[in-house]
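Peer 1: Starting off with a structure, shown below.
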Amino acid sequence: MAIIPSITTVSVESNANTEVRRRVVVVNGMALYESSGRNSAESSTWFPFAGQATQNNHAILLEGPRAYANGYFVKPGTFLTMNEQGNPPKDFQEMARTFNWFDNKTKDMYYRFGSTVGLLVSSQLGGGLWDTPQGQDFKKYLQQSYPEFYQKIPPMEVAKNGVEVRNPDDTNKWIKRNEGNFKDIHKDVKKFTDKMTSTFKQQNKDSRVQLTSHYKENAKPRGLLNKIAARIVGDSPSVSSPEDDVKPSKPTARK
């Protein structure tokens with residue numbers, strides 16, 4: 001199981017009086033957010049996006065000003081032609097058949113996922129529509145259609161210790177720091193898979209280091225708890241403490 005770093009965006013929706021939180025990750029250059037379900041009706045489903053619009057209407061890598069509200073999550077469909085938006089690819093047609101969706105719902109999901117690659121990455125992050133019986137059936141279809149992706153890319157677990165971000169500019173900066181680049185959200189499954197396998201191990205290693213540091217800083221008392229926390233993320237502490245009452249052992253790899 002791969003551990004993916006995350007942040008949590010916090011915003012107040014124009015049609016609500018409560019704060020809405022959405023986690024954000026970057027997977028192989030693809031930024032995704034965890035939907036609140038307020039607009040998509042698919043709560044906890046991971047959708048690709050091109051960053052958040054800012055007060056100057058500049059989301060990550062958008063060319064020219066766009067009429068977006070501050071904080072808007074820019075959907076992949078923004079970059080589809082009108083003809084593409086009206087003609088979802090075969091995988092989305094199969095998705096519509098599995099979920100028994102009407103035409104408008106199918107087009108909306110294509111607008112949100114943007115490509116088959118978006119479907120594949122979202123399915124490995126799990127949650128939301130993927131946890132429904134229909135979602136599980138559709139994932140089986142994807143696994144049969146794109147076996148290489150699922151053979152090379154394991155399911156992913158999103159880290160839960162991400163900081164909260166309230167400024168869209170900070171969201172976009174974090175995406176860029178994590179090598180997010182909307183143009184890298186390929187429509188070519190093979191290119192995306194090949195690139196991801198070459199960077200996947202390093203990303204997983206970096207996230208484990210972050211998590212280990214988090215546990216070490218917050219574990220009280222130190223010593224045995226540090227060792228347990230380190231084993232959880234597949235690492236081992238380099239310095240022993242007087243409080244240790246067991247001999248260190250090699251960590252067991254996570255499965």
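Peer 1: Condition first: without any contact (Cβ under 8 Å) to a residue 60 or more places away in the chain and among the β-branched types (Val, Ile, Thr). Now tell me which residues in the range 151-198 satisfy that.
Peer 2: Ile153, Thr193, Thr197 - these are the residues of the range 151-198 that are without any contact (Cβ under 8 Å) to a residue 60 or more places away in the chain and among the β-branched types (Val, Ile, Thr).
Peer 1: Follow-up. Can you tell me which residue is surrounded by the fewest Cβ atoms within 10 Å (Cβ to Cβ) among those in the range 155-181 that are touching a Ser or Thr at 6+ places or on another chain (Cβ under 6 Å) and not in a loop (DSSP other than H, G, I, E, B)?
Peer 2: In the first step, residues of the range 155-181 are kept if they are touching a Ser or Thr at 6+ places or on another chain (Cβ under 6 Å); the result is 158-159, 162, 164-165, 168-169, 171.
If we keep only those that are not in a loop (DSSP other than H, G, I, E, B) as well, we get 158, 164-165, 168-169, 171.
Values: Val158: 21, Glu164: 11, Val165: 19, Pro168: 23, Asp169: 14, Thr171: 27.
Only one residue fits best here, namely Glu164.
Peer 1: Can you give me the number of residues within the range 12-42 that are among the polar types (S, T, N, Q) and closer than 26 Å to Asn104 by Cβ?
Peer 2: Initial filter on the range 12-42 (among the polar types (S, T, N, Q)): 14-15, 17-18, 28, 35-36, 39-40.
In the following step, the residues that additionally are closer than 26 Å to Asn104 by Cβ were identified as 14-15, 35-36, 39-40.
The total comes to 6.
Peer 1: Run Leu142 past the list (1) of a type in the set (A, V, I, L, M); (2) under 22 Å from Asn39 (Cβ atoms); (3) in contact with an Asp or Glu (Cβ under 9 Å, 6 or more places away or on another chain) and report the number of the one that doesn't hold.
Peer 2: Leu142 satisfies every listed condition except (2).
Peer 1: Mind checking which residues of the range 1-36 are assigned to a loop (DSSP other than H, G, I, E, B) and free of Cβ contacts under 8 Å to residues at least 40 places away in the same chain? Full working, then the answer.
Peer 2: Initially, the range 1-36 is screened for residues assigned to a loop (DSSP other than H, G, I, E, B), giving 1, 5-6, 13-18, 28-29, 35-36.
Hits for the range 1-36 are Glu13, Asn15, Ala16, Asn17, Thr18, Ser36.
Computed from the coordinates by the stated procedures, all read-outs in this text should not be read as laboratory data. Small disclaimer: the values here were computed from a predicted structure and weren't measured. As a convention, Cβ positions derive from the backbone with ideal geometry for all residues, glycine included, and neighbour counts pool all protein chains shown.
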